[in-house]
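Only one structure is covered here, and it is reproduced in the block below.
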Amino acid sequence: MYVTCLDLEGVLVPEIWIAFSEASGIPELKRTTRDEPDYDKLMKWRISILKEHGLTLKDIQNTIATIDPLPGAKEFMDALRAECQTIILSDTFAEFASPLMKKLGMPTIFCNSLDVDENGTIIGHKMRCPNSKLTTVKALQSIGYDTIASGDSYNDLGMIQASKAGFLFRTTDKIKADYPNLPAFTEYDELLEAIRNQLKK
């Protein structure tokens, strides 16, 4: 039995930090896991910028409330979930993801959490487990599931390469060039067809 594991940001919804960068006028916050493979390092850097500018969790949540799934993402998820079990594996945080999941039809998401003080200031982050996407895929495989995985960033490569089938989706030219053996798609119908073909095997 297959479980399909999908990244969230850049695949199903816009990048939250890029949207917040634009809303807050802080260009440094546009940096994502497409640019920085070390997620812990990236988050500590982001939190330091938030502190420097006096920004809180609520400020970010106000931006998230304005974000809709990428065009076609909800329809893609509906079609995919009608054919196989699907889990979103994301390095985002429960405090960010909830309103986006409602807009996607409440799919299952495994993500992380934030440490927030009494003033609503983000003071740290808690990863669900080390190398969470790859660890989760291996855990699913250990209990008898085959996995299919797709994502767009460096932190997706582990789960993509460890899965029975793995696909890049709307990734960067650099990642495509560095991993030419991984099929890369830009349209949901292409990705859905590739997953369907794997499900038939």
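The values are calculated or read from the model by the stated rules, or taken from the named source; none is laboratory data. Because the structure is a prediction, the values reported are computed rather than measured. Neighbour counts are summed over all protein chains in view; Cβ atoms, including those assigned to glycine, are modelled from backbone coordinates with ideal geometry. Protein only, heavy atoms only, side chains kept; ligands, DNA and RNA dropped before computing areas. Shrake-Rupley method; radii C 1.70, N 1.55, O 1.52, S 1.80 Å.
Would you be able to tell me the number of residues in the range 9-58 that are of a type in the set (A, V, I, L, M), closer than 26 Å to PRO107 by Cβ, open to solvent by less than 40 Å² (accessible area, probe 1.4 Å) and without any contact (Cβ under 8 Å) to a residue 60 or more places away in the chain? Please lay out each step first, then the result.
Within the range 9-58, the first condition is being of a type in the set (A, V, I, L, M), and the residues that meet it are 11-13, 16, 18-19, 23, 26, 29, 42-43, 47, 49-50, 55, 57.
If we keep only those that are closer than 26 Å to PRO107 by Cβ too, we end up with 11-13, 16, 18-19, 23, 42-43, 57.
Add one more test, that the residue is open to solvent by less than 40 Å² (accessible area, probe 1.4 Å), and what stays is 11-13, 16, 19, 42-43, 57.
Now narrow it down to the ones that are without any contact (Cβ under 8 Å) to a residue 60 or more places away in the chain: 19, 42.
So the answer is 2.
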(message) Looking only at the range 114-135, count every residue that is surrounded by 14 or more Cβ atoms within 10 Å (Cβ to Cβ) and either free of Cβ contacts under 8 Å to residues at least 12 places away in the same chain or farther than 19 Å from TYR154 by Cα (or both) and tell me the total.
(response) 6
(message) Give all pairs with beta carbons closer than 9 Å in which a residue from the range 61-76 that is touching a residue at least 24 places away in the same chain (Cβ under 8 Å) meets a residue that is in a loop (DSSP other than H, G, I, E, B) and small (Gly, Ala, Ser); count only pairs at least 6 apart in sequence or on separate chains.
(response) LEU70/GLY10; LYS74/GLY105
(message) I'd like to verify a number: residues in the range 158-182 that are surrounded by 14 or more Cβ atoms within 10 Å (Cβ to Cβ) and assigned to a helix (DSSP H, G or I), how many?
(response) 6
(request) Give the range 1-54 a look and list any residue that's within 29 Å of ALA139 (Cβ to Cβ), among the β-branched types (Val, Ile, Thr) and either modelled with pLDDT of 95 or more or assigned to a helix (DSSP H, G or I) (or both), or say none. (result) VAL3, THR4, VAL11, VAL13, ILE16, ILE47
(message) Looking at the range 168-196, I want the residues that are of a type in the set (Val, Ile, Thr) and have a partner that is part of a strand (DSSP E or B) and open to solvent by less than 60 Å² (accessible area, probe 1.4 Å) with Cβ atoms under 7 Å, at least 6 apart or on another chain. Which pairs are those?
(response) THR171/ALA184; ILE175/LEU168; ILE195/THR4; ILE195/ILE148
(request) Report yes if some residue within the range 116-127 is within 17 Å of the chain's Cα centre (by Cα) and in a helix (DSSP H, G or I); otherwise report no. (result) no
